[in-house]
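Let me begin by presenting the structure, written as structure tokens, before commenting on it.
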Amino acid sequence: MDDSERATWERFRGKAVVVDTGTTFLYLGTLREVDDHFIVLETADAHDRSEGHSTNERYALETKKSGVRANRRSVTIRKPMVVSVSLLDDVIP
């Protein structure tokens, strides 16, 4: 990971984030660490959108209002699966 990428990730470290993936999973939690291959969230919610009727946007907004409903102490996500990452605070109603 180069310095530019490292600096980008640093602004998310220790904050609640929304991680969209190219799969049916949406991840929400506190960014703990990032390396060349993985993203690690703690106190995380691994949400499988195929199991519900909520869109990623609606689920993220509900989470912003009510807080992360953690179902994992920690989750490790492969970086190639990630489509986007945003701060939970940046979700707009």
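The values are calculated or read from the model by the stated rules, or taken from the named source; none is laboratory data. Worth saying up front: this structure is predicted, and the values here are computed from it rather than measured. So basically every Cβ, Gly included, is an ideal-geometry build from the backbone, and we count neighbours across all protein chains shown. Each accessible area value is taken on the protein alone, full model and side chains, heavy atoms only, with ligands, DNA and RNA left out. Shrake-Rupley method; radii C 1.70, N 1.55, O 1.52, S 1.80 Å.
Go through the range 40-49 and give me each residue that's β-branched (V, I, T) and either in contact with a Leu (Cβ under 8 Å, 6 or more places away or on another chain) or open to solvent by 90 Å² or more (accessible area, probe 1.4 Å) (or both). Break it down stepwise before answering.
Initial filter on the range 40-49 (β-branched (V, I, T)): 40, 43.
Residue satisfying the conditions is V40 alone.
Out of A7, A16, report the one residue that is of a type outside the set (D, E, K, R) and more than 13 Å from the chain's Cα centre (by Cα).
On the way: A16 fails: more than 13 Å from the chain's Cα centre (by Cα).
After applying the criteria, what remains is A7.
Consider only pairs whose beta carbons are under 6 Å apart and that are at least six residues apart or on different chains; among these, list those whose first residue lies in the range 17-39 and is open to solvent by 30 Å² or more (accessible area, probe 1.4 Å) and whose second residue is at pLDDT 95 or above and of a type in the set (D, E, K, R).
T30/E42; R32/E42; H37/K79
Restrict the check to the range 50-69 and report whether at least one residue is among the hydrophobic types (A, V, I, L, M, F, W, C), surrounded by 17 or more Cβ atoms within 10 Å (Cβ to Cβ) and in contact (Cβ under 8 Å) with a residue 40 or more places away in the chain.
Yes, because at least one residue in the range 50-69 is among the hydrophobic types (A, V, I, L, M, F, W, C), surrounded by 17 or more Cβ atoms within 10 Å (Cβ to Cβ) and in contact (Cβ under 8 Å) with a residue 40 or more places away in the chain.
Looking for whichever is within 22 Å of T55 (Cα to Cα) and either modelled with pLDDT under 95 or aliphatic (A, V, I, L, M) (or both) here; the options are V18, V40. Which one fits?
Among V18, V40, only V18 is within 22 Å of T55 (Cα to Cα) and either modelled with pLDDT under 95 or aliphatic (A, V, I, L, M) (or both).
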